[in-house]
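The values are calculated or read from the model by the stated rules, or taken from the named source; none is laboratory data. The structure presented is a predicted model; accordingly, all values stated were derived computationally and were not measured. Using ideal geometry, Cβ is built from the backbone for each residue, glycine included, and neighbour counts are taken over all protein chains shown. To get the accessible areas, we keep the full protein, side chains included, count just its heavy atoms, and leave off ligands, DNA and RNA. Shrake-Rupley method; radii C 1.70, N 1.55, O 1.52, S 1.80 Å.
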Amino acid sequence: MAPFFKLSIVVLIASLTLFAIAQDEETVENRLQPFGNVCMEGEDCGSAAPAVVQTGRSGIDVYNAHCFACHATGVSNAPLVAAEDWQVRLDEKGYETLLANTKAGFNVVMPPMGTCMACSDDELKAAIDYLLYGE
């Protein structure tokens, strides 16, 4: 084989290798880019629409959307709506503890916020009132 041909093959392989490395670095760099941006109130956020948080839902609305699956069936001993065992809980623990347990979750059976991560304290209180009194 001619020396020029051997040199051409070495140069070609080296070029392809450098190209592949450059492609890999570029691909990795693209994957490491931030997924999104945080826009604080008062900053120029461009044309992005602010996230809409639904507020002001009634207790029965929150219950039907987030609490119904367990508290309508008694799964894992979840107390039912307006059941007598709610009064026992209320008398023993107090309303603020019921709210704190709702927010933080209770043991391993009740998830934090009763799965309503977008609920305000007032909405959680309305859901608790519905569970306590059925109103």
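Quick notes on this one:
- Candidate lysines for bridging to Lys125, where Cα separation is under 21 Å - those fewer than 8 sequence places away on the same chain excluded: Lys93, Lys103
- Length available on full extension from Asp44 to Asp122: 0.36 nm per residue minus the Cα-Cα distance, which gives 25.0 nm.
- Centroid-to-centroid, using Cα positions, segment 108-135 and segment 84-104 are 11 Å apart.
- Between Tyr95 and Ile13, the modelled labels are 8.1 nm apart [label points 7 Å from Cα along Cα→Cβ].
- Solvent-accessible surface (1.4 angstrom probe) belonging to Lys6, in square angstrom, nearest 10: 110 Å²
- Three-way shape call for segment 68-135 based on the alpha-carbon gyration tensor, with the a/c threshold at 1.5: rounded
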